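Report on the following structure.
Please treat every number below as a calculation from the coordinates, not as lab data. On a predicted model such as this, the values are computed, not experimentally measured, just so you know. When we count neighbours, we look across all protein chains shown, and the Cβ atoms used for this are built from the backbone with ideal geometry, even at glycine.
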Amino acid sequence: MTFSLNSFPPGGHAVVIGSSGGIGAAFVDALEASGRFDAVIGLSRRTDPPLDLLDEASIETAAAFVKKQGALRLVVDATGILSDEKMSPEKALRQIDPAQMARSYAINAIGPALLLKHFGPAMAREGKSVFATLSAKVGSISDNGLGGWISYRAAKAGLNQIVRTASIELGRRAPELVVLALHPGTVDTGLSKPFAKAGLDVQPPPVAVARLLSVVEGADASQTGGFVSYTGERLPW
Ligand SMILES: NC(=O)c1ccc[n+]([C@@H]2O[C@H](COP(=O)([O-])OP(=O)(O)OC[C@H]3O[C@@H](n4cnc5c(N)ncnc54)[C@H](OP(=O)(O)O)[C@@H]3O)[C@@H](O)[C@H]2O)c1
């Protein structure tokens, strides 16, 4: 799959937050290969500076580091959590655990809100720039016909509202900025692996990223604050 990023003014910097993840690492590779930006900066809990969504000071320090390098044209937030050794998505209300629900909110919604707080004001003020965060279609309230996964669904729905709200404020400062919540589709990563079902269309990360970058390329300020699928389709809230 090919994509172009010609809608961005040449130069400037791209940042991928969650560069250690399956989709995040593929974003770093694709953006570096595009040659469109002067630098591609990957950030994760293991980079220097480290960025931990549960530690606002680390986000502030990382944003200050990035700001020093020059105009920020593209930020991709590819962080998120669905399950780990302590947490798995609920199949029923009786499985709700308040601490794990709070953790899902902290990583899937509050973390990206803090990224918007600290990186949003560092986005280039003139010319196209994009802040894209990875949401999930299961965060759509009107599309939910199945139930289950209540913490992850609710945190992603919250993330979508955060994106919409932030887009309005950040757009006043940078009128060509596009803030997007993107659904990547099902992608073959550590996050999806435990839930892979036969027959599901699972994309290799580079394929999903090329599709997402085509959506980013096609987006303009009229779409800011939107919830968009890797196919380019606008998703219902
Ligand atoms: N894969 C899919 O099928 C799929 C479908 C729909 C939506 N999504 C969304 O796409 C995004 C990326 O998912 P993925 O599939 O690439 O998952 P992944 O491979 O598990 O990557 C998740 C990333 O989030 C980072 N992260 C987790 N907790 C963090 C914290 N406290 N501070 C900083 N970073 C943290 C991880 O960093 P560490 O390496 O440090 O843990 C890793 O870089 C997520 O938002 C997910 O909800 C994925």
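Brief remarks on what is shown
Every residue, every condition in (1) buried (at least 20 other Cβ atoms within 10 Å of the Cβ); (2) more than 16 Å from the ligand (Cβ to nearest atom); (3) not in a loop (DSSP other than H, G, I, E, B), yes or no:
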{"site": "3", "(1), (2), (3)": "no, yes, no"}
{"site": "9", "(1), (2), (3)": "no, yes, no"}
{"site": "29", "(1), (2), (3)": "no, no, yes"}
{"site": "32", "(1), (2), (3)": "no, yes, yes"}
{"site": "41", "(1), (2), (3)": "yes, no, yes"}
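- Restricting the stretch 188-213 to residues that are under 22 Å from residue 90 (Cα atoms) and part of a helix (DSSP H, G or I), the residue that is farthest from the ligand (Cβ to nearest atom) is 194.
- Some residue of the stretch 58-69 being surrounded by fewer than 18 Cβ atoms within 10 Å (Cβ to Cβ), in a helix (DSSP H, G or I) and among the β-branched types (Val, Ile, Thr): yes
- Residue list for the stretch 74-101, restricted to those being in contact (Cβ under 8 Å) with a residue 40 or more places away in the chain, away from the ligand (no atom under 16 Å from the Cβ) and over 15 Å from the mean Cα position of the chain (by Cα): 91, 92, 93, 96
- So residue 104, is it among the polar types (S, T, N, Q) and more than 13 Å from the ligand (Cβ to nearest atom): no
- Out of 71, 109, 113, sole residue that is of a type in the set (Gly, Ala, Ser), within 30 Å of residue 176 (Cβ to Cβ) and more than 19 Å from the chain's Cα centre (by Cα): 71
- Exclusive hit being in a loop (DSSP other than H, G, I, E, B), aliphatic (A, V, I, L, M), within 14 Å of the ligand (Cβ to nearest atom) and over 22 Å from residue 188 (Cα atoms), set 53, 115: 53
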